[in-house]
Every structure is written in structure tokens, then in C-alpha cells.
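Structure, as C-alpha cells:
A short reminder: the numbers here are calculations on the coordinates, not readings from a lab. Quick caveat, the model's predicted, so the values are computed rather than measured. Cβ placement follows ideal geometry from the backbone for every residue including glycine, while neighbour counts extend to all protein chains displayed.
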Amino acid sequence: MGRQSTRHKYRSRGDKNRATARAVRLVLLAAMLFGLFMLVRHLVRWWPYYASYFQ
């Protein structure tokens, strides 16, 4: 049986998948928050126009 190298950290496929899933969740969360911020910013800027246009 071979010995594992002490210079490298070996990770199982499940560990790698969990790390990747966590990174994807963080990126998606950041993108959703940015999108929500941009939507609110857009609505605040254009709300008087929309309110006067539809009345």
C-alpha cells in the first residue's frame, strides 16, 4: 500500500463537490442581491414617471 504525500491535501470527490456547491451558492446569492439592488434603484429612479404615466 502506497503512502500519501505530506505536501498535498487529498480530498474526496464529495469534499470537492461540497466546496464547489458552496462557491456556486455564494456567487448566486451575490448575483441575486446585486440584481435586487439594481431593481430597487431602477424603481426608485423611475417611479415618478410610471406613477404620472398611468394616471
For region 19-35, what does the Karplus curve 6.51 cos²θ - 1.76 cosθ + 1.60, with θ = phi - 60°, yield as ³J(HN,Hα) per residue in whole Hz, taken in order and with x for Gly and Pro? 5, 5, 4, 5, 5, 5, 4, 5, 5, 5, 5, 5, 5, 5, 5, 5, x
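Work through the residues other than Arg22 whose Cβ is under 12 Å from its Cβ and net out their charges, Lys, Arg +1 and Asp, Glu -1.
Working: positive: Lys16, Arg18, Arg25; negative: Asp15.
For residues surrounding Arg22, the net value is +2.
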Counting only Cα, what are the radius of gyration and maximum Cα-Cα distance Dmax of the chain, in Å? 23.6, 80
Which Cα, out of Ala31, Leu43, His8, lies furthest along the positive dipole direction of the chain (beta carbon charges, K/R +1, D/E -1)? His8
About the Cα centre of the chain, what is the dipole size in debye to 20, counting +1 per Lys and Arg Cβ and -1 per Asp and Glu Cβ, all else neutral? 600 debye
